[in-house]
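Have a look at the structure below before the remarks.
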Amino acid sequence: MRIAIGLLAASALALPVAGLWPRAGHPVLLAMPAGMAAGAFGVEGWRIQRIIEAGPFPILLAMPENGASDPSRLAAAAGALLVLAARPMSGCAPAPRRT
């Protein structure tokens with residue numbers, strides 16, 4: 001019974017973590033190290049939408065330029081401490097294609 005309760009608790013805790021896990025083609029929040037210049041890097045396929053100062057730590061909102069943009073490449077190039085999935089902003093959605 002103890003194992004079943006442990007597995008149930010682990011699966012319940014995994015749901016919010018899975019929701020915050022960055023996915024390709026989705027906007028991300030990057031927490032940068034203290035004192036780092038936020039715009040000192042550039043990765044193909046990503047653009048910085050907003051920079052927020054949270055004390056000494058800059059937080060960046062990065063938007064992908066296409067669906068194949070990989071957040072792990074962005075995090076490695078930026079030297080980010082933490083990368084989280086962000087909610088897409090309504091004004092930043094690409095216009096629908098006309099066929």
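The values are calculated or read from the model by the stated rules, or taken from the named source; none is laboratory data. Here the structure is a predicted model, which is why all the values come from computation and not from measurement. When we count neighbours, we look across all protein chains shown, and the Cβ atoms used for this are built from the backbone with ideal geometry, even at glycine. Note: areas computed on protein heavy atoms with side chains; ligands, DNA, RNA excluded. Shrake-Rupley method; radii C 1.70, N 1.55, O 1.52, S 1.80 Å.
Do we find that P96 is assigned to a loop (DSSP other than H, G, I, E, B), at pLDDT below 85 and within 14 Å of the chain's Cα centre (by Cα) in this structure? So P96 fails the test.
Would you mind stating whether G35 is on the phi > 0 side of the Ramachandran plot, out of contact with any His (no Cβ under 9 Å at 6 or more places or on another chain), loosely packed, with under 10 Cβ neighbours inside 10 Å and modelled with pLDDT under 85? Considered against the rule, which asks whether it is on the phi > 0 side of the Ramachandran plot, out of contact with any His (no Cβ under 9 Å at 6 or more places or on another chain), loosely packed, with under 10 Cβ neighbours inside 10 Å and modelled with pLDDT under 85, G35 comes out as yes.
Suppose we keep only residues that are touching a strand residue (DSSP E or B) at 6+ places or on another chain (Cβ under 7 Å) and open to solvent by less than 60 Å² (accessible area, probe 1.4 Å) within segment 52-66. Which one would you say is farthest from M32 (Cα to Cα)?
P64
Do we have S69 as open to solvent by less than 30 Å² (accessible area, probe 1.4 Å) and either out of contact with any strand residue (DSSP E or B) (no Cβ under 6 Å at 6 or more places or on another chain) or modelled with pLDDT under 85 (or both) here?
Considered against the rule, which asks whether it is open to solvent by less than 30 Å² (accessible area, probe 1.4 Å) and either out of contact with any strand residue (DSSP E or B) (no Cβ under 6 Å at 6 or more places or on another chain) or modelled with pLDDT under 85 (or both), S69 comes out as yes.
In segment 56-82, the residues that are among the β-branched types (V, I, T) form Cβ pairs under 9 Å with partners that are part of a loop (DSSP other than H, G, I, E, B) and at pLDDT 80 or above, at six or more places apart or across chains, as follows: I59/M32.
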